[in-house]
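The values are calculated or read from the model by the stated rules, or taken from the named source; none is laboratory data. Nothing here was measured: the structure is a model prediction, and the numbers come from that model. Cβ atoms come from the backbone with ideal geometry, glycine included; neighbour counts cover every protein chain shown. In case anyone asks, the SASA skips ligands and DNA or RNA and just uses the protein heavy atoms, side chains included. Shrake-Rupley method; radii C 1.70, N 1.55, O 1.52, S 1.80 Å.
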Amino acid sequence: TIGTHIHPDSEEAMVIVEGELEAVLGDETTTVGVGDTVLAPAGVKHGFVNRSGAKASLLAIFPKTEFQRVAVE
C-alpha cells in the first residue's frame with residue numbers, strides 16, 4: 001500500500017512492473033496491472049492499494065531530483 005498523497009511541486013509517473021494494484025488518482029479509482037502507467041500531475045492526490053494479496057511492485061519516476069510528498073485523506 002502507498003497511502004494517498006500529493007506532490008505539490010512535481011508530477012509523478014508510476015509504471016506497474018509486477019502484480020495488480022488498485023490505483024487512486026484524483027477522485028477516480030481503477031485497477032492497474034503489469035505494463036500500465038499512472039501519471040499524477042502536480043497537486044493531484046494519488047496512491048495504491050494491493051487488494052490481491054499477491055506480490056506487486058511499481059517504478060516511480062519524477063522529472064526532478066527533489067520533490068515534496070504530503071499525505072492526504
For region 4-35: of the residues being of a type in the set (Asp, Glu) and under 11 Å from the mean Cα position of the chain (by Cα), which is farthest from Phe62 (Cα to Cα)? Glu22
Taking region 37-58 and keeping residues small (Gly, Ala, Ser) and touching a Leu at 6+ places or on another chain (Cβ under 7 Å) leaves Ala40, Ala56
Tell me, which residue of region 30-49 that is within 16 Å of Val15 (Cβ to Cβ) and assigned to a loop (DSSP other than H, G, I, E, B) is most open to solvent (accessible area, probe 1.4 Å)? Val34
